[in-house]
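The values are calculated or read from the model by the stated rules, or taken from the named source; none is laboratory data. These numbers come from a predicted model, not from an experiment. Cβ sites come from the backbone with ideal geometry, for glycine too, and all protein chains shown count toward neighbours. Heavy atoms of the whole protein, side chains included, go into the accessibility calculation; ligands, DNA and RNA do not. Shrake-Rupley method; radii C 1.70, N 1.55, O 1.52, S 1.80 Å.
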Amino acid sequence: MAVQILDKAFQILETLSNEWTGLSVSALSEDLGINISTVHRILSSFISRGYVVQTDTKKNKLSLKFIDISSSYLNGLELKSEAHRLLNSLAAKLNQTIFLATLIENQVVYIDKHELFSSFRKYAIIGERRPLYCTALGKSLLLGFDDKALQEYMKETEFRKYTDNTILDKEGLLKDLKVSGMRGWTIDNEEVEDGVICYGVPIYDYRGQIIAAMSTSGFKDHIQGREEDIITCLLATSKKISQKMGYKSPYSSIDKQ
């Protein structure tokens, strides 16, 4: 029964995708041969989740939420493709492993890893999740949150202590993000693992929204003295990737002068 309802739901979506002016419940019922109460029940579910909207004339139309979903998926595919060569070059230049991640369900999710030597182990981290508040990647992604989303995130987050440096309160995180936003990069200063430092930068798309982040990490002794070079290279590479994703910096005209 559940499979039949799901099949009917997809029939409704596919039909509405070809009717940009929308269709009434009765018209959908008649066109698809589905009981009108079933159509109404399915549409109510879509409407409550924001996938379908009703016009003033009670016609049902697909919402822009489908564009958001498609954009996120396509951005992920395009991002990895566009970033691949640049991230490989950066890994070789810095002699460091470079990570690429995106945001899913308020967590960092690794989508790619670039290192000097190819290894089956590189795929082990793909799909793994990490917290936002204590990782350089996570903080870079948090820079894309507006005030409301950030407050909601902090309200729902349990700040777990990993090391003595882990940020454990809202005030500390807000202060960190304010500084990070001003300088354009983030740091995990031994907040997840003692002796390990990680630097991260956000990646933007054509809308000017942060869609991903990239980072590199290393033991403190290996990183010290190289901070400026690492951050400069990360920022330069993220700028190139963002431009490939259609991003135009508000300072682009100044940059060309």
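Key figures
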read-out: Hits in the range 1-44 (condition: over 13 Å from Ser63 (Cα atoms), among the hydroxyl-bearing types (Ser, Thr, Tyr), open to solvent by 30 Å² or more (accessible area, probe 1.4 Å) and touching a residue at least 24 places away in the same chain (Cβ under 8 Å)); value: Ser24
read-out: Tally, over the range 203-217, of residues that are open to solvent by 10 Å² or more (accessible area, probe 1.4 Å) and in contact (Cβ under 8 Å) with a residue 60 or more places away in the chain; value: 4
read-out: Among the residues listed as Lys244, Lys161, Lys220, the single one being open to solvent by 40 Å² or more (accessible area, probe 1.4 Å) and either acidic (Asp, Glu) or under 21 Å from the mean Cα position of the chain (by Cα) (or both); value: Lys244
read-out: Cβ-Cβ under 8 Å pairs, at least 6 apart or on other chains, the range 127-142 side closer than 13 Å to Val109 by Cα and outside any strand (DSSP E or B), far side of a type in the set (Lys, Arg) and open to solvent by 10 Å² or more (accessible area, probe 1.4 Å); value: Pro131/Arg160; Leu137/Arg130; Gly138/Arg130
read-out: Options Thr38, Thr102, Thr55, Thr97; residue that is modelled with pLDDT under 90 and not hydrophobic (A, V, I, L, M, F, W, C); value: Thr55
read-out: Of the criteria (1) modelled with pLDDT of 95 or more; (2) small (Gly, Ala, Ser); (3) within 20 Å of Leu79 (Cα to Cα), which one Gly181 fails; value: (3)
read-out: Helices (runs of 4 or more DSSP H) wholly inside the range 1-67 containing at least 2 residues that are under 29 Å from the mean Cα position of the chain (by Cα); value: 2-17, 36-48
read-out: Any hit, the range 148-164, residues being in contact with a strand residue (DSSP E or B) (Cβ under 8 Å, 6 or more places away or on another chain), modelled with pLDDT of 95 or more and not in a loop (DSSP other than H, G, I, E, B); value: no
read-out: Sole exception among (1) part of a strand (DSSP E or B); (2) closer than 15 Å to Leu132 by Cα; (3) modelled with pLDDT of 95 or more for Leu174, by number; value: (1)
